[in-house]
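Heads up, the thing below is written out as structure tokens.
Read-outs throughout are calculated quantities, based only on the coordinates presented, and are distinct from any laboratory measurement. Computed from a predicted structure; not experimentally measured. Ideal geometry is used to build each Cβ from the backbone, glycine not excepted, and the neighbour counts take in all protein chains shown.
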DNA sequence: AACTAATGTCAAAGAAATGTAAAATTATTG
DNA sequence: CAATAATTTTACATTTCTTTGACATTAGTT
């Protein structure tokens, strides 16, 4: 059963989503505000979030930011469903870390298709464990082992490792890494990434050498 | 490397754009007038154009019209960046064929987001993989394989190979190559190109022989 | 064939980018 | 609020890439 957290202040829309998703092997938990949604998220297992932006109290974008900046939840996919329909709204939403953006009015069939597509595309979300090349990341417990040995990583190191290992072989620019791990607002030098790569490699020991620098570009997990 | 042609008569804005895009895997070529921009477009590979409207000489809208009426360039996305900010201005720009319209003052971050969004959406440019004659370039990941074997290229070698293979058969002069790969500012001897061609051929092994020198002119990918 | 002019290649020098330790700063925690 | 940990910056070491210049080779000309 897929657990869907719905944050939406219009009752009719909540009901529409609930009713239709219940027929698709989904369990929906609905809130009319983001604060309660956040509390739920902190205490429960959630597979995907459907988020309205214009909410009373905590705004949708703030919620998005909080969730994406929290290592515990950052892997949970979020689909924004909003009446804010300018391209800029959409870009903002996607850049803030949403996985998809639906503008109201929306087709419930498309919504279902998108939920399925996102969950299909991202098996890591279901398993919550990434195992590759002797390195094991349990995204549920935020623990990392290398060849069975526990390794203690700092937050930034962890996020960096996760980013690289979620997409092995893919090259990330230092700025992409900064945006993803440090956030869009951050103004740290790009070389800070190098420092963290360095300490990450060190902590991973012999196994750390899979993190390859790509001169003039950035880094990649070469596995 | 995404090639961005910037046509903008204010130096500060050109510099702002150049500086920020250079950190985003973009290479910017700037002109303070549309005439030179057009000449550049005719002789070089351009992925996206950022266009100011109020220019000395050839006006931005005229440039837009010329580009959109030319089959050769009509696929190149154009983002207008203009101080003309009435609804009618924007509608005009978009109706004339611009892909997007940013009003000054603009946020550089939104500009970057829009460039990414447009290029992501545009399948012609998105063609992330070039496969030809046993050589495979993944432009997203900067990886090159020859007959399935990974080949490690330096940045210059990679850009050079990409340029040649994007337009097979086409002859490039050493100066065109220098401009495209090294950039306009560079003051490197033209023979440097030869050195890189040499090492590129070597790294590509038997397959490397498709890079033919065209005596007195330059090089071409003869495939 | 000899000559000329171009391209091909190599290796050393130079430039630029990355690696890393340690100091400085900032955040977190008891 | 002190102590501790995490993060960022600095500075320097190291590595890698780029450019050059010398010489070799090839192609074209007379």
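Compared with the dominant Cα axis of chain A, that is its longest principal axis, helix A:11-22 is turned about 70°. The antiparallel fraction among DSSP beta bridges confined to chain A stands at about 50%. With both residues required to sit in the protein assembly as shown, DSSP beta bridges show an antiparallel share near 50%.
Cβ crowding within 10 Å, taken as a proxy for footprinting-reagent exposure, orders A:196, B:167 from fewest neighbours to most as B:167, A:196. Here residue B:16 yields copy-to-copy label distances, from shortest upward, of 4.0 nm, the label point defined as 7 Å from Cα along Cα to C-beta. Taking the longest Cα principal axis of chain A as reference, the axis of helix A:191-204 is set at about 70 degrees. Across identical copies of the chain, residue A:198 has label-point separations of 3.6 nm, listed in ascending order, with the point defined 7 angstrom from Cα along Cα→Cβ.
Can you pull the mean other chain C-beta count within 10 Å for peptide B:137-146? Don't skip to the answer; put the middle values down first.
Details: counts 0, 3, 0, 3, 8, 8, 6, 0, 0, 0.
Other-chain Cβ atoms within 10 Å of each residue's Cβ, averaged: 3.
Reducing the range B:129-156 and the range A:165-223 to their Cα centroids gives an inter-centroid distance of 22 Å.
With contacts taken as Cα pairs under 8 Å and at least 6 residues apart, the range A:128-221 reaches a relative contact order of 27 percent.
Residue A:88 label point (Cα plus 7 Å toward Cβ) to equivalent points in the other copies: 2.2 nm, shortest first.
Counting, for every residue in B:210-221, the Cβ atoms of other protein chains within 10 Å of its Cβ and taking the mean gives 0.
Remind me, relative contact order of chain A in percent, using alpha carbon pairs under 8 angstrom and six or more residues apart? Please report the intermediate quantities before stating the final value.
Details: 329 pairs, mean separation 28.5, N = 223.
Value for chain A: 13 percent.
Principal axis extents of the Cα atoms in the protein assembly as shown, from largest to smallest and rounded to whole angstrom, are 71, 61, 38.
Considering only A:148, A:93, A:37, the mean-square fluctuation computed in a Gaussian network model of chain A, springs between alpha carbons under 10 angstrom, is largest for A:148.
Using every pair of separate Cα atoms, the Kirkwood estimate puts the hydrodynamic radius of the range B:2-125 at 14.2 angstrom.
Projected onto its three principal axes, the C-alpha set of the range A:128-221 covers 35, 25, 20 Å, listed from the longest axis down.
Between 0 and 90 degrees, the angle of helix A:34-43 with respect to the longest Cα principal axis of chain A falls at about 50 degrees.
With a 10 Å cut-off around each Cβ of A:81-87, the average count of Cβ atoms from other chains is 1.
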